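The values are calculated or read from the model by the stated rules, or taken from the named source; none is laboratory data. Since the model is a prediction, treat every value here as computed from it, not as a measurement. Neighbour counts run over all protein chains shown; Cβ positions are idealised from the backbone, glycine included. Accessible surface areas use protein heavy atoms only, side chains included; no ligands, DNA or RNA. Shrake-Rupley method; radii C 1.70, N 1.55, O 1.52, S 1.80 Å.
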Amino acid sequence: METNKSLLFLLFLAVSAVLADEDVFIGVNIGTELSDMPHPTQVVALLKAQQIRHVRLFNADRGMLLALANTGIKVAVSVPNEQILGVGQSNTTAANWVTQNIISHYPATNITTICVGSEVLSALPNAAPILVNALKFVHSALLASNLDRQIKVSTPLASTIILDSFPPSQAFFNHSVKPVLIPLLKFLQSTNSYFMLNVYPYYDYMQSNGVIPLDYALFKPLAANKEAVDSNTLLHYTNVFDAMIDAAYFAMADVNFTNIPVMVTESGWPSVGESNEPDATVDNANTYNSNLIKHVLNKTGTPKHPGIAVSTYIYELYNEDAKAGPLSEKNWGLFNNNGTPVYILRLTESGSLFANNTSNQTYCVAKEGADAKMLQAGLDWACGTGKVNCAPLMQGGPCYDPDNVAAHATYAFDAYYHMMGKAPGTCDFTGVATITTTNPSHGTCLFSSNGKNATFLNGTAPAMDSTSSSAYPARYLNNNAFSTTLMMILGTLGFSMVLL
């Protein structure tokens with residue numbers, strides 16, 4: 001499907017964490033196991049377009065952290081599992097890691113959290129004995145730099161460490177992990193950090209052999225007689241997510257910790273699965289994530305803690321086609337790698353598909369593989385007859401690099417498209433331009449869906465030669481017969497488009 005048939009949507013507005021100094025937020029995980037991973041600047045452009053204000057990285061990638069600088073987006077970075085042993089066995093190694101990956105980027109990059117590993121107790125049990133040391137060493141490095149109050153340290157855990165999770169009041173931690181878990185909880189309590197939990201109702205539903213109804217897993221409304229009731233507390237549960245969160249609270253209370261807030265570091269639903277995963281569908285993924293977002297941002301809370309919402313990171317931003325495992329493992333994303341949505345989230349109580357649709361956020365770009373001469377002619381026309389201000393394309397301007405006809409044509413085409421109010425036919429340029437929902441911003445060249453392109457980050461546009469026939473470098477105004485003829489065609493086309 002062509003990208004001009006895709007609808008870009010306003011994914012969600014993130015706000016801040018609960019039970020601490022902030023309000024609840026919805027964030028998104030950014031995995032990188034894609035065969036064609038977008039450049040960090042493209043990722044950030046997508047985040048901005050969707051107004052996603054909280055992200056979690058599975059590493060501390062330098063390019064991503066640099067791209068996130070000065071955006072205000074709150075970032076959770078991670079010590080990858082393969083680095084846990086080194087960080088947990090050496091205070092010096094941990095300090096060096098913090099210096100290289102945190103201090104060198106903060107505060108330009110708004111790092112708020114360090115996730116030390118991911119599901120270490122279940123995925124990397126040999127590192128379990130040094131997990132708490134790793135957290136302590138990282139925290140000590142932050143303390144030495146006076147960043148311990150600004151940046152929290154924790155470790156995401158799999159919900160499988162909680163046994164007998166329903167009814168929630170009977171939940172307890174697997175005894176085999178308690179020697180690590182109790183010191184971990186003491187650390188989290190002493191540093192006012194979060195108990196991070198990965199919650200996947202999809203897997204609970206799949207493994208229940210029909211005991212868990214699909215509607216209960218998807219947050220769909222249930223009749224009162226269909227709600228799950230905790231026989232010990234008489235609390236009513238309308239969804240798996242809340243039951244798992246309360247199970248975590250009860251499991252912590254079982255070992256005498258009652259004041260540590262829960263944060264969900266991963267939750268989502270796959271949109272495609274194998275033949276034995278019939279409920280991994282686009283509709284179910286949309287339903288789950290839409291309902292989850294509303295549930296969290298409405299601050300509904302859980303039956304045990306009503307009104308105390310749990311900040312949650314959606315898993316995940318992109319489909320990861322290079323990820324190992326069954327088909328469902330590759331299809332948890334909200335977006336394809338080209339920035340088009342896998343589905344349009346339904347974020348109003350009425351379930352309208354257009355509640356979060358910002359179809360006006362479209363851009364006009366040069367078609368990939370388009371003929372360079374045709375692009376050149378279109379570029380010349382836009383910057384001349386089309387009256388586009390092409391000053392940002394001058395050497396020293398924010399959109400000069402990359403200095404090639406395709407990149408410059410994209411700027412000019414998009415500026416003209418917006419200048420004409422995105423009227424039908426204003427993104428054609430004799431077939432070498434196309435509409436996309438992917439923001440083409442790169443480096444200092446920033447495109448905006450409202451047409452205010454090319455914000456100058458560090459300087460002003462260079463002065464133009466007043467004697468020039470257009471506000472664009474003369475080297476792009478070719479006088480050969482091909483260009484002249486094509487420009488006449490484009491001019492006619494442009495004039496007719498103005499009249500539409």
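Within region 191-202, residues that are within 16 Å of Val132 (Cα to Cα) reach partners that are of a type in the set (Phe, Trp, Tyr) with beta carbons closer than 8 Å, at six or more positions or on different chains, in the pairs Ser193/Phe187. Before we move on, is Ser90 closer than 22 Å to Asn146 by Cα and either surrounded by fewer than 16 Cβ atoms within 10 Å (Cβ to Cβ) or among the hydroxyl-bearing types (Ser, Thr, Tyr) (or both)? Yes, satisfied.
Which ones in region 229-254 are open to solvent by 20 Å² or more (accessible area, probe 1.4 Å) and in a loop (DSSP other than H, G, I, E, B)? Once the filter is applied, which keeps residues that are open to solvent by 20 Å² or more (accessible area, probe 1.4 Å) and in a loop (DSSP other than H, G, I, E, B), region 229-254 yields Ser231, Asn232, Thr233, Leu234, Leu235, Thr238. Pro129: under 30 Å from Gln42 (Cβ atoms) and open to solvent by 50 Å² or more (accessible area, probe 1.4 Å), yes or no? Taking the combined requirement at face value, the residue does not satisfy it. For first residues located in region 65-84 and under 17 Å from Ile114 (Cβ atoms), partners that are part of a loop (DSSP other than H, G, I, E, B) and modelled with pLDDT under 95 and lie 6+ apart or on another chain with Cβ distances below 7 Å form the pairs Ile73/Arg53; Lys74/Arg53; Asn81/Leu124; Ile84/Leu124. From the list Ser140, Ser165, Ser169, Ser176, the lone residue that is under 19 Å from Ala60 (Cβ atoms) and of a type in the set (Gly, Ala, Ser) is Ser140. Please specify each residue of region 201-228 satisfying the condition of being open to solvent by 50 Å² or more (accessible area, probe 1.4 Å) and of a type in the set (Val, Ile, Thr). Listed by number, the list holds a single entry, Val211.
How about region 413-440: which of its residues are part of a helix (DSSP H, G or I) and either aliphatic (A, V, I, L, M) or not assigned by the TED database to the domain that holds Cys390 (or both)?
Step one: list which residues in region 413-440 are part of a helix (DSSP H, G or I), which gives 413-419.
Within region 413-440, Ala415, Met419 qualify.
Of all residues in region 265-273, none are over 25 Å from Ile212 (Cα atoms) and β-branched (Val, Ile, Thr). A single entry from Glu277, Glu266 fulfils the requirement of being part of a loop (DSSP other than H, G, I, E, B), over 18 Å from Arg346 (Cα atoms) and acidic (Asp, Glu): Glu277.
If you check Phe172, Phe219, which single one turns out to be over 30 Å from Val116 (Cβ atoms) and of a type in the set (Phe, Trp, Tyr)?
Values: Phe172 fails: over 30 Å from Val116 (Cβ atoms).
When all the criteria are applied, what remains is Phe219.
Residue pairs, Cβ under 6 Å, 6 or more apart or interchain, first in region 102-120 and touching a residue at least 60 places away in the same chain (Cβ under 8 Å) and hydroxyl-bearing (Ser, Thr, Tyr), second open to solvent by less than 10 Å² (accessible area, probe 1.4 Å) and assigned to a loop (DSSP other than H, G, I, E, B). List them. Close Cβ pairs (under 6 Å, with a partner that is open to solvent by less than 10 Å² (accessible area, probe 1.4 Å) and assigned to a loop (DSSP other than H, G, I, E, B)) amount to Ser118/Pro156.
For region 269-307, a residue qualifies if it is out of contact with any Ser or Thr (no Cβ under 9 Å at 6 or more places or on another chain) and either at positive phi or not assigned by the TED database to the domain that holds Val75 (or both), and the qualifying residues are Lys299, Gly301. Lys330 meets the conditions (1) charged (D, E, K, R); (2) at pLDDT below 90; (3) in the same structural domain as Val43 (by the TED database) in every case but one. The failed one is (2). Within region 132-159, the set of residues being over 28 Å from Ala247 (Cβ atoms), among the aliphatic types (A, V, I, L, M) and either modelled with pLDDT under 95 or open to solvent by 10 Å² or more (accessible area, probe 1.4 Å) (or both) comprises Ala141, Leu143, Ala144, Leu147. Number of residues in region 170-200 that are under 20 Å from Ala228 (Cβ atoms) and either surrounded by 20 or more Cβ atoms within 10 Å (Cβ to Cβ) or basic (Lys, Arg) (or both) equals 4.
Under 22 Å from Ser169 (Cβ atoms), modelled with pLDDT of 95 or more and surrounded by fewer than 22 Cβ atoms within 10 Å (Cβ to Cβ) - does that describe any residue in region 272-291?
Initial filter on region 272-291 (under 22 Å from Ser169 (Cβ atoms)): none.
Checked region 272-291: no residue is under 22 Å from Ser169 (Cβ atoms), modelled with pLDDT of 95 or more and surrounded by fewer than 22 Cβ atoms within 10 Å (Cβ to Cβ).
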